[in-house]
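Trainee: I have a structure here, written as structure tokens, and I will follow up with some questions on it.
The values are calculated or read from the model by the stated rules, or taken from the named source; none is laboratory data. Quick caveat, the model's predicted, so the values are computed rather than measured. Heads up, the Cβs are rebuilt from the backbone with ideal geometry, glycines too, and the neighbour counts pull from every protein chain shown. These accessible areas exclude ligands, DNA and RNA; they are computed on the full protein's heavy atoms, side chains included. Shrake-Rupley method; radii C 1.70, N 1.55, O 1.52, S 1.80 Å.
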Amino acid sequence: MNNIAITLHNFIIENFGIDINLSLAISYFLIALIFWSFLGVIGGLLTFLERRVAGRIQSRIGPNRVGPQGIFQMLADGIKLVLKEDLIPALADKPLFRMAPYLCVIGVFSALVVIPFSSDIVVADLNVGVLYALAITTMVVMGILMGSWASNNKWSLLGGLRSAAQIVSYEIPAALSVLSIVLITGSLSMQDIIRAQGAWPHQWFFFHNPGTFVAFFIFFTSALAENNRVPFDIPEAESELVAGYNTEYSGMRFSFFFLAEFANVFIISSLAVIFFFGGWQIPHFLISENHIITNIIMIANFLFKTFVFIFIVLWLRWTLPRLRVDQLMTMCWKYLIPISFICLCITASFVLFFGGKSMIAVFIGRITQ
Amino acid sequence: METLHTRLQEKFPNAQVTFANLEAGDHYIIVDTAHLHSIISYLKIDEHYTILMCLSGAEDSEFLQSVYHLFSESSRKKVTLKVRLPKDNPEVETIGDLWPGAYFFEREAYDLFGIIYKNHPDLRRIMLPEDWIGHPLRKNYIDPIQYQDINNERAYPCDVPNVTEKK
Amino acid sequence: MREDIIQYFRNIKYAVTSVPKGMMVTLKNMFREPTTIQYPDRIPQKIEDTLPLNYRGHLEVEKEICTGCLLCEKFCPIDCIRIDVHKEETGRVLHSFKIDMAKCMYCGLCVPPCPTDAIRFTRKFEGSTYDIKSLLFEFIDTPTPVYKPNRDKDKKEEA
Amino acid sequence: MYELEKNNDNTMTLNMGPHHPSTHGVLRFILEMDGEIILSVKPDVGYLHRSIEKIGERVTYPAFMPYTDRVDYVAAANCNVGYALAVEKLMGIETPERAQYLRVIVSELNRIISHLLMTGVLAMDLGAYTPFLHAVREREKINDIFEILCGARLTYNLATIGGMPFDIKETTIRKCLEILEGLKKFLKEFDDLVTNNAIFISRLANIGVIDKETAKAFMLSGPNLRAAGAHWDLRKNETYFLYDRFKFDIAVGSGKAGTLGDSYDRFSVRMKEIETSISILEQAFKSLPSGEVQAKLPKTLKPPKGEVYVRTESARGELGYYIISDGTAKASRIKIRTGSFAAISILDKIGRGLMLSDLVAFMASLDLIAPEIDR
């Protein structure tokens, strides 16, 4: 069993006997649709989670009225946003203004295609998965820039330009730090990266060598920056730019930007788990004969790890002040990029001298000799 | 303060420097309008009254006043200077070149009293809108009935009539 | 140059150490009890009962002991109290005692001058209404003769 | 210096306010920008002008007291006692000792409240929302004390001419000391969360440097002046009430994060002043004398003909009341000189060359309160 879409494809071919290409298209489309709606739910859930976490950190209670513990707050918010009037400024560039939020959402949601939830559950295990994930999420900047320009608002424009500079620069440290992982595995496929790791912490790439250890923090920081989260939320910067690029947006279009941001939180957390924390890997004794149960345990493991990181993202959001634009650039070009290069060199030397074995494996090997 | 007054009189014989002694509170020195700037700069530079505490407009029966409260950090002394300006042409030299912070206080006095400060770089209204008519803190100012279609009457549906009207 | 390099590493160290410190503070706060209450429906006891006794809420007048001295009306800075007292054969009679709570600024200047404590603050503070006219409080429904403190009796009591 | 540079094609005019999230109330700035760099700041104030000075000429002296609350609603008690002091000085009234102690207590409590709000808001303007709510949480506790004392939480109206309208009870003192102990713990936590945070320091250090001479020329006062390195505190240098009986140090800017007189200094001076206020309060509670709280006054207050300028140290700097009396029950002129109004004029001088984000931080560090500017 390769992955879930192929399974569906085989099923369609066997039972309906239609053209192979058409069946492939249909099965990928259906699976993508399921995953996308899942991400939509996750995005909604995160808005609720963020408000609850923020509330508790700030000695408040947070939303707790809609449903048990307020879990359906996201539905109430969603319905409210859908019913709100969709304002378009008179002097806005209307086609671009309408298109921008969709572009954002497409950029983020497309990244989900390569995220493996378990050894079988993945839409498409591309052989350029890492590259694809890093590249497609950058499409968000197109949406933001488009929306901010089309709004015909100076605050929006400032926010959009800040965002463009920020996201494009932070692509580099993010890619460089992931490169150390690619160096170890020799593959750009997500599944291969996960399979190269193990279920236990000493098998994770996070503890592989000092280079990857630091690389994780660089990856996480730059992923946060790419997602415009605090402390890098300068494109939105509520106290400076009113609301930044989405100043003029309202109703459903605003909620699309919002959803994109929260879906992106999920994406970056899952990427961090995949690259550095063993993804869906579970210990051997948990793997049973039954494929379905094994997959469920894998998904649970993966989602648990992901939600830990999501919590850290939210936690950071409600702790730190934001940086200034020039400090942000300084941090990227003067600190993160040089350090990630050093990390890359350290990892490369590890691969060269120890044949890709992890630090702990080498250490244990020395002791047992 | 009285010694300061005599010193000022010696220094500026042409200026009419009068010392006012009141029943209560602070005493003040009334200065001739034409010599105000030179007297204040003398006070700042030679007498070390380095702090301008407050600049305000005021009105007595016949005149508008521009009041300057100065303070000396070294000798811990305060002095109040006043200029009396005729109501029809209240003009006085700005002291913003000595304390740039005074520009805003002068704008306020201009806005609320209509005192014109000569050589002020940006003498505009500060509290009230640009198109407001009159200077509200003058004693003969009458509240306008409306401003730009906004009625000045209170819009309380259950308004209680004024006490003075009742009697 | 050398100092710059030292500063470079010091910056990294400071950023790395100070951020977790702040995060620990927020984490600590996360496990503390919330300080907010769920006003207005999910509260253990009525808010009015938790307020101190001298809370300045809505005004209240006890018409039986009002002397009609009009001191409160005089002391009010914004004229939100209006009292009608007419002189009739039996003496002075209160016809209306109106307080416009929509206009009142709860300054409390009307309370201390009252000789009989007829006007006083309550601990009510919820004044939201659909009709602003309902905030015009009228304390006299039927004409009431003003209260005349019996001076001799008071003196006796004091003695 | 008040002329905008000619508007050529490379600059952008940006309208910041009147309802911009970081202008706290309604202030408006017309910014001339080159990208993110500010070329000039033109403050436009007056959106909250409530003609308090005109009202002062129409109501009697005691009836003006509630209006002084509204001059600066964050530090209303300071405004109250300042006005009471001015009228007392004009009339030559001697205030009882206990009332003076009570005034010290309320003004120091109010200073803590105001500085807590300021530090929280500064953090909020830099993007950290949590410290603001933590500060407000502590602030609410002191508001509870005010509620017990005078019955109101924000616009206290807690002074009368010649004394105080309430007395403090032993239980309130104990509760107050308890809260102050909690506040000390909170301040340590706040240091970890905000004061020593690397991002916070880098956002404030070397931003908006005001040196001592500029500060004096622009009539700055209070914490803003002290942050520039001036040892000047009206509580100490021009003792009023009974501040000479308390031991405290003047908090002065040290320039430890960058330059002397930068935004971080203004922030840390306020943090130090909270500690100073706590120590003054503890001393005041220990040595609170017994006795009357209200001086005997005539039925209608009619100050003699004359004028007085009395300044006190409010939370936002020098708060001066200039009262001219013409011998009647109503003042002929009441001028209120506030710290924020003086501070607003320095924005253009220092704001040039800053980035937009810095302007927000600089403005918050000056602790501008819009109603105090406009009155």
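Trainee: Report, by residue number, each residue of the stretch A:303-325 that is open to solvent by 40 Å² or more (accessible area, probe 1.4 Å), of a type in the set (V, I, T) and within 13 Å of another protein chain (Cβ to nearest Cβ).
Mentor: A:I312
Trainee: Separate question: If only one of D:L193, D:L158 is at the interface with chain C (Cβ under 9 Å from one of its Cβ atoms) and in contact (Cβ under 8 Å) with a residue 24 or more places away in the chain, which one is it?
Mentor: The conditions single out D:L193.
Trainee: So, in the stretch A:62-96, exactly how many residues are under 21 Å from C:I43 (Cβ atoms) and either out of contact with any helix residue (DSSP H, G or I) (no Cβ under 8 Å at 6 or more places or on another chain) or surrounded by fewer than 17 Cβ atoms within 10 Å (Cβ to Cβ) (or both)?
Mentor: Adding up the residues that qualify gives 5.
Trainee: In the list D:L301, D:L288, which residue meets the criterion of being more than 14 Å from chain B (Cβ to nearest Cβ), assigned to a loop (DSSP other than H, G, I, E, B), over 25 Å from D:A123 (Cβ atoms) and of a type in the set (A, V, I, L, M)?
Mentor: After applying the criteria, what remains is D:L288.
Trainee: A follow-up question, please. Considering each of D:R174, D:R153 in turn, give the residue that is more than 30 Å from A:T319 (Cβ to Cβ), free of Cβ contacts under 8 Å to residues at least 60 places away in the same chain and not hydrophobic (A, V, I, L, M, F, W, C). Spell out how you get there, then give the answer.
Mentor: Details: D:R153 fails: more than 30 Å from A:T319 (Cβ to Cβ).
Step by step, each of D:R174, D:R153 is checked, and only D:R174 is more than 30 Å from A:T319 (Cβ to Cβ), free of Cβ contacts under 8 Å to residues at least 60 places away in the same chain and not hydrophobic (A, V, I, L, M, F, W, C).
Trainee: Out of C:P40, C:P20, which single residue is in a helix (DSSP H, G or I), out of contact with any Pro (no Cβ under 6 Å at 6 or more places or on another chain) and open to solvent by 40 Å² or more (accessible area, probe 1.4 Å)?
Mentor: Exactly one of C:P40, C:P20 is in a helix (DSSP H, G or I), out of contact with any Pro (no Cβ under 6 Å at 6 or more places or on another chain) and open to solvent by 40 Å² or more (accessible area, probe 1.4 Å), namely C:P20.
Trainee: Just give me the residues in the stretch B:95-137 being part of a loop (DSSP other than H, G, I, E, B) and among the aliphatic types (A, V, I, L, M), in sequence order.
Mentor: B:I95, B:L98, B:I115, B:L123, B:I126, B:M127, B:L128, B:I133, B:L137
Trainee: Sticking with this one: Which of the residues that make up the stretch C:72-108 are assigned to a strand (DSSP E or B) and open to solvent by less than 30 Å² (accessible area, probe 1.4 Å)?
Mentor: Taking the stretch C:72-108 as the starting set, the residues that turn out to be assigned to a strand (DSSP E or B) are C:81-88, C:91-100.
Hits for the stretch C:72-108 are C:I81, C:I83, C:G91, C:V93, C:L94, C:S96, C:F97, C:I99, C:D100.
Trainee: Still on this structure, I have one more. When the stretch A:282-303 is examined, which residues are found to be more than 19 Å from the chain's Cα centre (by Cα) and either under 19 Å from A:D125 (Cβ atoms) or acidic (D, E) (or both)? Write out each step before concluding.
Mentor: From the stretch A:282-303, those more than 19 Å from the chain's Cα centre (by Cα) are A:282-297; that's our starting set.
Passing the criteria: A:I282, A:E289, A:H291, A:T294, A:N295.
Trainee: Starting from residues that are outside any strand (DSSP E or B) and at the interface with chain D (Cβ under 9 Å from one of its Cβ atoms), keep the ones in the stretch B:42-60 and report whichever is nearest to the chain's Cα centre (by Cα).
Mentor: Applying the filter and picking the extreme gives B:D60.
Trainee: Would you say D:V106 is under 26 Å from D:A364 (Cβ atoms) and touching a His at 6+ places or on another chain (Cβ under 8 Å)?
Mentor: No; evaluated as a whole, the condition is false for this residue.
Trainee: I want to confirm something. Restricting to the stretch B:62-101 and keeping residues that are of a type in the set (G, A, S) and touching a residue at least 40 places away in the same chain (Cβ under 8 Å), which single residue is surrounded by the most Cβ atoms within 10 Å (Cβ to Cβ)?
Mentor: B:S66
Trainee: Restricting the search to the stretch C:41-87, which residues are basic (K, R) and within 25 Å of D:M65 (Cβ to Cβ)?
Mentor: C:R56, C:K74, C:R82
Trainee: On the given criteria, is A:L183 farther than 30 Å from D:M124 by Cβ and either surrounded by fewer than 24 Cβ atoms within 10 Å (Cβ to Cβ) or within 14 Å of chain D (Cβ to nearest Cβ) (or both)?
Mentor: Spelling it out, A:L183 is indeed farther than 30 Å from D:M124 by Cβ and either surrounded by fewer than 24 Cβ atoms within 10 Å (Cβ to Cβ) or within 14 Å of chain D (Cβ to nearest Cβ) (or both).
Trainee: Follow-up question, since we're still on this one. Which ones in the stretch A:47-82 are touching a residue at least 40 places away in the same chain (Cβ under 8 Å), away from every other protein chain (no Cβ under 12 Å) and aliphatic (A, V, I, L, M)?
Mentor: Within the stretch A:47-82, A:L49, A:L81, A:V82 qualify.
Trainee: Further question on the same structure: With the structure loaded, tell me whether D:Q294 is touching a residue at least 40 places away in the same chain (Cβ under 8 Å) and open to solvent by 20 Å² or more (accessible area, probe 1.4 Å) or whether it fails that test.
Mentor: For D:Q294, the condition - touching a residue at least 40 places away in the same chain (Cβ under 8 Å) and open to solvent by 20 Å² or more (accessible area, probe 1.4 Å) - is met.
Trainee: Sort out which residues of the stretch D:334-366 are open to solvent by 10 Å² or more (accessible area, probe 1.4 Å) and either part of a loop (DSSP other than H, G, I, E, B) or within 8 Å of chain B (Cβ to nearest Cβ) (or both), and write them in order of number.
Mentor: D:K349, D:R352, D:G353, D:L354
Trainee: Filter the stretch C:5-48 for residues that are aromatic (F, W, Y), over 28 Å from A:K334 (Cβ atoms) and more than 33 Å from the chain's Cα centre (by Cα) and give the result.
Mentor: Within the stretch C:5-48, C:F31 is the sole residue that qualifies.
Trainee: Tell me, please, whether a residue that is within 14 Å of chain D (Cβ to nearest Cβ), farther than 27 Å from A:P116 by Cβ and more than 12 Å from the chain's Cα centre (by Cα) can be found in the stretch A:217-225.
Mentor: no
So that you can scan it fast, the table gives a plain yes or no per residue for (1) acidic (D, E); (2) open to solvent by 20 Å² or more (accessible area, probe 1.4 Å):
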position: D:H115; (1), (2): no, no
position: D:T130; (1), (2): no, no
position: D:L133; (1), (2): no, yes
position: D:V136; (1), (2): no, yes
position: D:D144; (1), (2): yes, yes
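Trainee: Is there any pair with a first residue in the stretch A:205-231 that is farther than 20 Å from A:R324 by Cα and a second that is basic (K, R) and open to solvent by 10 Å² or more (accessible area, probe 1.4 Å) whose Cβ atoms are under 9 Å apart and which are 6 or more apart or on different chains, and what are they?
Mentor: A:H208/A:K357
Trainee: Another question, then. Find the residue count for the stretch D:311-327, including only residues that are open to solvent by less than 10 Å² (accessible area, probe 1.4 Å), of a type outside the set (D, E, K, R) and more than 7 Å from chain B (Cβ to nearest Cβ).
Mentor: Count: 8.
Trainee: For A:T137, are the conditions met, namely being more than 14 Å from chain D (Cβ to nearest Cβ), polar (S, T, N, Q), over 28 Å from A:I282 (Cβ atoms) and touching a residue at least 60 places away in the same chain (Cβ under 8 Å)?
Mentor: Here the answer is no, as A:T137 does not meet what is asked.
Trainee: If a residue must be more than 16 Å from the chain's Cα centre (by Cα) and either within 17 Å of C:P34 (Cβ to Cβ) or within 9 Å of chain A (Cβ to nearest Cβ) (or both), how many such residues does the stretch D:117-145 contain?
Mentor: 19
Trainee: Select from the stretch A:186-228 the residues that are open to solvent by 10 Å² or more (accessible area, probe 1.4 Å), part of a helix (DSSP H, G or I) and of a type in the set (S, T, Y) and list them in ascending order.
Mentor: Within the stretch A:186-228, just A:T221 meets the criteria.
Trainee: For D:R153, state whether it is within 26 Å of C:L53 (Cα to Cα), within 21 Å of the chain's Cα centre (by Cα) and within 14 Å of chain A (Cβ to nearest Cβ).
Mentor: no
Trainee: Given the structure, is D:L85 touching a residue at least 24 places away in the same chain (Cβ under 8 Å), closer than 17 Å to D:T160 by Cα and within 19 Å of the chain's Cα centre (by Cα)?
Mentor: Details: touching a residue at least 24 places away in the same chain (Cβ under 8 Å): yes; closer than 17 Å to D:T160 by Cα: yes; within 19 Å of the chain's Cα centre (by Cα): yes.
Judged against the criteria, D:L85 is a match.
Trainee: Show the residue pairs meeting these rules: Cβ distance below 7 Å; 6+ apart or different chains; first residue within the stretch C:115-128 and within 13 Å of chain D (Cβ to nearest Cβ) and exposed (fewer than 13 other Cβ atoms within 10 Å of the Cβ); second residue in a loop (DSSP other than H, G, I, E, B) and of a type in the set (K, R).
Mentor: Between residues of the stretch C:115-128 that are within 13 Å of chain D (Cβ to nearest Cβ) and exposed (fewer than 13 other Cβ atoms within 10 Å of the Cβ) and residues that are in a loop (DSSP other than H, G, I, E, B) and of a type in the set (K, R), there is no close pair.
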